[in-house]
Amino acid sequence: MPDARINLPGAVPRGKPFEVRIVLRRPMETGYRTDESGKSIPRNVIRTFACRYDGEVVFAARLSSGIAANPYLRFFVTARESGQLTFEWVDDNGVQGSDNASVSVV
């Protein structure tokens, strides 16, 4: 299963902003739940997220314990030229995830 569900427009006019929507599909723990034996389940949430457009960071966020499981992020990027959006994130345990999508500029 892919790490993320990414939604981009089919084609974007050069110089215009376009909407990026992404759902990061992964299990997360708040640190407030306990297992069957009553021991605390350690917190594990996504801490950092970044989006790169052909290698240049165009959006970055630091997330905290208030973030939901399978977080939904929405932001805008200005279309320069056809290229690649790369999405990267890291959780509390240092586990990294990534995905990418192509942008077609007309």
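Condition check ((1) in contact (Cβ under 8 Å) with a residue 60 or more places away in the chain; (2) buried (at least 16 other Cβ atoms within 10 Å of the Cβ)) across all residues:
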residue: M28; (1), (2): yes, yes
residue: G38; (1), (2): no, no
residue: C51; (1), (2): no, yes
residue: A68; (1), (2): no, no
residue: P71; (1), (2): no, yes
residue: Q84; (1), (2): no, no
residue: N93; (1), (2): no, no
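How many residues are within 18 Å of V105 (Cα to Cα) and in contact with a Cys (Cβ under 9 Å, 6 or more places away or on another chain) when one looks only at the range 67-85?
The number of residues fulfilling the criteria is 3.
Working only within the range 53-66, note down all residues that are open to solvent by 60 Å² or more (accessible area, probe 1.4 Å) and within 16 Å of R14 (Cβ to Cβ). Reasoning before the result, please.
If we filter the range 53-66 for residues that are open to solvent by 60 Å² or more (accessible area, probe 1.4 Å), which is where we start, we get 54, 56-57, 60, 62, 64, 66.
Once the filter is applied, which keeps residues that are open to solvent by 60 Å² or more (accessible area, probe 1.4 Å) and within 16 Å of R14 (Cβ to Cβ), the range 53-66 yields only D54.
The values are calculated or read from the model by the stated rules, or taken from the named source; none is laboratory data. All values reported here derive from a predicted model rather than from experimental measurement. A quick note on method: Cβ atoms are made from the backbone with ideal geometry, for glycine too, and the neighbour counts reach across all protein chains shown. For accessibility, only protein heavy atoms count, side chains too; no ligands or nucleic acids. Shrake-Rupley method; radii C 1.70, N 1.55, O 1.52, S 1.80 Å.
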